[in-house]
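Q: Have a look at this one before I ask anything.
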Amino acid sequence: MTDGLTVARAALDAAASKKAEDIVLLDVQSLTSMADYFVICTAGTERQMKAVLEGIEDDLRERGARPRRTEGEHDSGWVLADYGDVICHVFKPEERQFYRLEELWQGAKTLVRVQ
């Protein structure tokens with residue numbers, strides 16, 4: 001699986017299957033060279049954050065994609081999984097409201113939003 005959009009949509013679907021909330025897929029290609037897509041979602045608890053991240057990793061691994069790196073810890077309230085063209089951000093509600101990535105990247109095109 002080499003197409004970034006395919007990876008991003010698979011990550012979004014995996015997060016949704018683990019009951020992540022307020023999932024957003026942003027196209028950031030025109031704004032940065034660090035990635036083409038951001039998948040941003042919220043998990044209510046540390047346990048759910050772990051489940052969402054494992055769901056994303058498991059689903060993408062089945063499709064041949066592995067994270068280049070993962071940063072953050074479940075107890076920090078924000079974990080980032082870097083798949084090259086796709087960066088997945090999983091937040092607890094307080095941290096998502098604090099960091100406001102969608103606002104920071106407001107020039108990005110929203111491709112999908114799942115409430």
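The values are calculated or read from the model by the stated rules, or taken from the named source; none is laboratory data. Just so it is clear, the structure is predicted and the values come from calculations on it, not from any experiment. Backbone-built Cβ (ideal geometry, glycine too); neighbour counts: all protein chains shown.
Q: For the range 77-98, which residues satisfy the criterion of being in contact (Cβ under 8 Å) with a residue 12 or more places away in the chain and of a type outside the set (A, V, I, L, M, F, W, C)?
A: Of everything in the range 77-98, those that are in contact (Cβ under 8 Å) with a residue 12 or more places away in the chain and of a type outside the set (A, V, I, L, M, F, W, C) turn out to be Gly77, Asp82, Tyr83, Gly84, Asp85, His89, Lys92, Pro93, Glu94, Glu95, Arg96.
Q: Right, next: Going residue by residue through the range 77-94, is there one that turns out to be surrounded by fewer than 18 Cβ atoms within 10 Å (Cβ to Cβ), modelled with pLDDT of 95 or more and assigned to a helix (DSSP H, G or I)?
A: yes
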